[in-house]
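Enquirer: Starting off with a structure, shown below.
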Amino acid sequence: MAELRTEEFQVNMGPHHPSTHGVCRLLLTLDGEKIIKVEPYIGYLHRAIEKICENRTYPMCIPILDRFEYVTAMSCNYVFSLAAERLAEIEVPERAEYLRVIMLELNRIASHMIFFGTTVMDIGALTPFLYALREREMIMDLFEMTCGQRLTYNYIRIGGVSRDIPKEFIPKCRETIKTIDEKIEEYKRLLNGNPIWKARTIGIGKLSPELAIAYGASGPILRASGVEYDLRRDDPYSIYDRFDYKIPTYQNGDVYDRYMVRLDEMQESCKIVAQALDGLPEGDIRAKVKPNFKPPEGEVYTRIENSRGEMGVHLISDGTNKPFRLKARGGSFAHLQLLPEISKGCLIADLVAIFASFDVILPEVDR
Amino acid sequence: MIATSVTFWLKDLLGSIGLSGDLLTIATYGILAVAVFSLLSVLALFLVWWERKVAGHIQQRFGPMRNGWHGWYQTLMDGLKLLQKEDILVFTRDRMVFFWAPIMCFVAAFAAYIVMPFGEGLIVADLNIGILYIVAITTFTIISLLMAGWGSNNKYALLGGMRSAAQVVSYEVPMVVSILIVVLSAESLSMVKIVEAQGGWIWNWNIFKIPVVGLVAFITYIIAAVAEANRTPFDLPEAEQELVAGFNIEYSGMKFAMFFLAEFINLFTVSAIAVTLFLGGWQGPGPASISFIWFFLKTFAVIFLLMLFRWTYPRLRVDQLMEFAWKFLIPLTFVNLIIAAVMKHFGWYLGN
C-alpha cells in the first residue's frame, strides 16, 4: 500500500475563542487532533497599567489596578496598598485588617467560583457554571452592600478601607459562607464520582513539582503538584497568622487535583471568613493618611497569595506623590508559559481542559 | 374511525372525488408529506423551546419567558429572525458542497418519518424493510455533516466534520446490533409489525419481553442514539469550547436554522425509534384512535431523559469516545445479540 501523505496543520485558537477566557491567541500545530506544538501569543489586552500608574498619585493608582486582575480586584487593591503602607510605614487599624481579610477571602471564593464554572463548562458540562455564578452572586451582593461595586471595588485604600461595613453585612455574610460551604459539597457530589469527569481530568496535564518551580508557578497550581507553599503562611502579611486554616495540597498535579485544590481552598476561605467575623473588633477603619500621600524615597516588593498564585507589586518611590516605577506581577503570566510545556502530545480537548485548569486570566498576563 | 391506515383512507377519499392513476398516488403522498412536514416543524420548534425550558429549570433559571406564556413562541420568533438574517457566505467555500450540506441534513432528517408509526394506522407507508430504511436514511446525516465541514473550508469545521463522521460511523454499529435484537424477536423489519408484536400488557414490550437482554439492548441503543444525535456527552462535532461550533461554524441565517432544526428532528427520531422498538410504540390502554397519544407521551419521556443527560454530563474526549464504542459497547451488543438468539431459540420470553 502506498504511504499516505499526511501533513501537520496550524490552527489559530483565539483571540476570539470560547475557551481562551479572554483574548489569548494560541497557535496550535496539529497532527489530526493531536497537538504537536502550542505557542501562546499574548498582548491583546495590554493597557499599559504600569505606565499609567507612573502618572497618577498613589490613591489614584488603586482604581487603575482594579483592572489589573479584575476577577480578584480586592487583591489588587490590597497588594498595592500594602506596598505603599510598607514604604510609608503606616500602621493599619485592627478593624481595617479584619475587614481586609474578610474581603480578600470572599474575593478568593468568588474567583474560584469562576474557575469552577468555566473549567467544568470547558470540559462540556454547562450546568455547574450557572450554579457557580449563583453562589458568586451572593458574594457580589455583599461587596455591593459594602462598597457599591460588584467588580472593580476600589475598597481597600492606603491605610485601611474606604468605608465600614453596613449593619446587615455580618448576618448576611455568615449565611453566605454557610451556603457556599454546603454548595461546594454539592459540587463534589455532582462531579467527583462522574466517570466522564474523572476520565477527562485524572492524569491529564501532569505537572511535576520540579517543572512547576522552574517556571515560577505559584498558588493552587503549585499546591496541586504537591508543593505546600502558601504566601499567607510562608510570607505572612496582614493578620493571617491569627486564623486557623489548612493549606490543601494534592500530589498528582493533574487537572483533577488543580480542581480539587481550589474546591478545598474555598472551604478553607469560608473558615477564615467565619473566624474573622467572630473576631471583628470595633474601632477605626482607616489610619490617618494625608490626601497628598507622599511616601519616603525607597523601594519595596510586596506579594500576596491571590487565587491565581503570587500577586506582587514592586514599587519604587522617589519621594513625590506619584510612583516612580510600578511593576505588577500576576501568577497567570508564569502559568501561561507552562502551557506549551505540558500540553505537548495531548488532544485539543485536553488542551482546553489544561488551559481552564490553570485559570489563566488575560488582563493579568498582559497588564 | 381510523381505517387500517391513513394512506388508504386518504386514497379512498381522493379516489371518490375522481382522481386516479399516478395523479392519485402523487396527490395522496403529496398531502401526507405536507402533513408530516408541518407536524415535524412544529415539533422541532416545540422541542427547541422545551429543551431551553428544561435547561433553564435544571440551571435554576426560567429559560425563555418573554414571548407569550412562558415564552411559548420564542422559537418561532427565533426562526423568523434567522429567516431575515443575511446569508453570510465564505468566499473560499466549496460552492456546491456548502450549499447542499444543510439541505441534505434537513431532508435526511425528515425522510425517516415515512415509515414512522405515529399511532395505529397513522403511518405514511408501512414498508416491509421499515427499520432498515430508517437506519439507512439517517446515515445521510453524517455525509451532510462531513460535507458541511469540508465545504466551509474552515479548519474548525473540518475537525468537526471529521469528528462527526468518525463518531457516527462507530456508534452506528452498536445501534444497529441493538436494533437487530428487536428484529430477531419480532421476526420482521416492518415498524408496524414490530409494534404489533408488543401488544397487550406492559411485559410484552421488548424491553421487558426478552428478560435482561431487552433492557441491556435498550440502554445500548439509547447510548448509541445520543451519540447519533450529537448530544452531550457525545456532542464532539460541535463542541463549543474546543471547536467553537464545529461543522456549522460558517453557516448563518436559514442554512444554520436547517442544521439546527434537523438536529432536533433527529432527537425526536431516535427517541421515536426507541419507543417503537423497545417501549411498545403506540400500544397502550384505550381505543385505537388515541394510540398516537401514547406514542407521543412515551417519546417525550425518552426525549426528557436525553435532555437530562445533556444538561448533567461533561463531554467525552475523542479517543475516549472511540474506545468506549469499540472496546466496550460493540462487544457488549454482540454478546447481547448472541444471548438474544439463544433465548429466541429456546423461547425464554416473557409475555406472548
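A short reminder: the numbers here are calculations on the coordinates, not readings from a lab. Everything quoted here is computed from the prediction, not taken from an experiment. FYI the Cβ positions are ideal-geometry reconstructions off the backbone, even for glycines, and counts take in every protein chain you see.
Enquirer: Assuming R0 = 30 Å, can you tell me the calculated FRET efficiency for the pair A:Thr29 and B:Val90, based on Cβ-Cβ distance, to the nearest 0.05? Intermediate results must be reported in sequence, preceding the final value.
Expert: On the way: r = 23 Å, r/R0 = 0.78.
So the FRET efficiency works out to roughly 0.80.
Enquirer: Using the crude model of +1 on Lys and Arg Cβ and -1 on Asp and Glu Cβ, and no other charge, please compute the dipole size for the range B:85-346 relative to its Cα centre, in debye to 20. Don't skip to the answer; put the middle values down first.
Expert: Values: 15 positive and 17 negative charges, 46 e Å.
With only Lys, Arg, Asp and Glu charged at Cβ, the dipole is about 220 debye.
Enquirer: Still on this structure, I have one more. How far apart, in nm, are two points set 7 Å out from the Cα along the Cα-to-Cβ line at A:Arg233 and at A:Ile52?
Expert: 3.7 nm
Enquirer: Continuing with the same structure: Scan chain B and report its longest stretch carrying no GluC sites (Glu not before Pro) that are both in a DSSP loop and have at most 13 other Cβ atoms within 10 Å.
Expert: Details: sites that count: B:Glu86, B:Glu187.
The longest uninterrupted stretch comes out as B:188-352.
Enquirer: Give me the distance in nm between label points sitting 7 Å out from Cα along the Cα-to-Cβ direction at B:Ile219 and B:His57, one decimal.
Expert: Output for this residue pair reads 2.7 nm.
Enquirer: Now, a different point. Most exposed first by the Cβ proxy, i.e. fewest other Cβ within 10 Å, how do B:Phe110, B:Phe304, B:Phe91, A:Phe355 rank?
Expert: On the way: B:Phe110 20, B:Phe304 13, B:Phe91 5, A:Phe355 27.
If I rank by nearby Cβ atoms, fewest first, I get B:Phe91, B:Phe304, B:Phe110, A:Phe355.
Enquirer: What ranking do B:Phe268, A:Phe358, B:Phe309 get, fewest neighbouring Cβ atoms within 10 angstrom at the top?
Expert: On the way: B:Phe268 24, A:Phe358 27, B:Phe309 15.
By the 10 Å Cβ count, ascending: B:Phe309, B:Phe268, A:Phe358.
Enquirer: Here's a follow-up. Once the piece of chain linking B:Trp201 and B:Leu83 is laid out straight, how much longer is it, given 0.36 nm per residue of separation minus the C-alpha distance between them?
Expert: Numbers: separation 118, 0.36 × 118 = 42.48 nm, distance 4.70 nm.
This chain segment gains 37.8 nm when fully extended.
Enquirer: So, one more: Multiply the residue separation of A:Glu341 and A:Glu91 by 0.36 nm, subtract the distance between their alpha-carbon atoms, and state the gained length in nm to one decimal.
Expert: Values: separation 250, 0.36 × 250 = 90.00 nm, distance 4.39 nm.
85.6 nm is the gain from fully extending A:Glu341 to A:Glu91.
Enquirer: Moving on to the next point. Under a point spin-label approximation (7 Å from Cα along Cα-to-Cβ), what is the A:Leu4-B:Ile129 distance to one decimal in nm?
Expert: Those two pseudo-labels are separated by 3.0 nm.
Enquirer: Subtracting the Cα-Cα distance from 0.36 nm times the residue separation, let me have the gained length for B:Ala33 to B:Ser252 in nm, one decimal. Before the final figure, lay out each step's value.
Expert: Working: separation 219, 0.36 × 219 = 78.84 nm, distance 2.69 nm.
Contour length minus Cα-Cα distance gives 76.1 nm.
Enquirer: Still on this structure, please answer the following. Could you calculate the FRET efficiency of B:Phe304 with A:Ile36 from 1/(1 + (r/R0)^6), where r is the beta carbon distance between them and R0 is 51 Å, rounded to 0.05?
Expert: Numbers: r = 43 Å, r/R0 = 0.84.
Result of the calculation: an efficiency of 0.75.
Enquirer: Using Cα atoms only, what is the angle between the long axis of helix A:331-342 and the major principal axis of chain A, expressed in degrees (0 to 90) to the nearest 10?
Expert: It is inclined by approximately 10 degrees.
Enquirer: Now, a different point. Can you list the lysines whose alpha carbon sits under 18 Å from that of B:Lys209, skipping same-chain ones fewer than 8 residues off?
Expert: Correct list for B:Lys209: B:Lys193, B:Lys298, B:Lys344.
Enquirer: Show which lysines lie in cross-link reach of A:Lys327 when reach means a straight Cα distance below 19 angstrom and same-chain residues fewer than eight apart are skipped.
Expert: Answer for A:Lys327, where 19 Å is the Cα cut-off: A:Lys51, A:Lys294, listed by chain and number.
Enquirer: Under a straight-distance cross-link criterion of Cα-Cα below 21 Å, which lysines are reachable from A:Lys178, leaving out those fewer than 8 residues away in the same chain?
Expert: A:Lys167, A:Lys188, A:Lys246, A:Lys271
Enquirer: Next question. Return the ratio Rg/(2.2 N^0.38 Å) for chain A, where Rg is computed over Cα atoms only. Don't jump to the answer; show the numbers that get you there.
Expert: Numbers: Rg = 21.1 Å, N = 367, 2.2 N^0.38 = 20.7 Å.
Against the empirical 2.2 N^0.38 Å value, I get 1.02 for chain A.
Enquirer: Identify the trypsin sites (Lys or Arg not before Pro) of the range B:1-76 meeting these criteria: DSSP loop state and at most 16 other C-beta atoms within 10 Å of the C-beta.
Expert: Working: sites: B:Lys11, B:Arg52, B:Lys53, B:Arg61, B:Arg66; in loops: B:Arg61, B:Arg66.
Those that pass, being in a loop and sparsely packed, are B:Arg61, B:Arg66.
Enquirer: Right, next: Which whole number of Å³ per residue matches the convex hull of the alpha-carbon atoms in the protein assembly as shown? Let's see the in-between values first.
Expert: On the way: hull volume 147.5 nm³, N = 719.
Dividing the Cα hull volume of the protein assembly as shown by its residue count gives 205 Å³.
Enquirer: Which whole-number percent is the relative contact order of chain A (Cα, under 8 Å, 6+ apart)? Don't jump to the answer; show the numbers that get you there.
Expert: Numbers: 722 pairs, mean separation 95.7, N = 367.
After rounding, I find 26 percent.
Enquirer: For chain B, modelled as a GNM with alpha-carbon contacts under 10 angstrom, which of B:Gly214, B:Gly56, B:Gly151 fluctuates the most?
Expert: Fluctuation is largest for B:Gly56.
Enquirer: So, counting K/R as plus one and D/E as minus one, what does the shell of residues with Cβ under 14 Å around A:Pro220 add up to? Present the calculation step by step, with values, prior to reporting the outcome.
Expert: On the way: positive: A:Arg108, A:Arg223, A:Arg232, A:Lys246, A:Arg258, A:Arg262, A:Arg308; negative: A:Glu228, A:Asp230, A:Asp254, A:Asp257, A:Asp264, A:Glu265, A:Glu268, A:Glu305, A:Glu310, A:Asp359.
Counting the neighbours of A:Pro220, the net charge comes to -3.
Enquirer: Given an 8 Å cut-off on Cα distances and at least 6 residues of separation, report the relative contact order of the range B:85-346 as a percent.
Expert: On the way: 427 pairs, mean separation 72.1, N = 262.
Worked out over the range B:85-346, it gives 28 percent.
Enquirer: Also, I was wondering about something else. If neighbour count is taken as other Cβ atoms inside 10 Å, put B:Trp205, B:Trp348, B:Trp49 in order from fewest to most.
Expert: Values: B:Trp205 26, B:Trp348 13, B:Trp49 22.
With the sparsest Cβ surroundings first, the list reads B:Trp348, B:Trp49, B:Trp205.
Enquirer: Could you calculate the FRET efficiency of B:Phe46 with A:Asp244 from 1/(1 + (r/R0)^6), where r is the beta carbon distance between them and R0 is 56 Å, rounded to 0.05? List each step's numbers first, then the result.
Expert: On the way: r = 56 Å, r/R0 = 0.99.
That pair, B:Phe46 with A:Asp244, gives E of 0.50.
Enquirer: List the extent of the Cα atoms of the range B:200-259 along each of their three principal axes, largest first, rounded to whole Å.
Expert: 49, 24, 10 Å, listed from the longest principal axis down.
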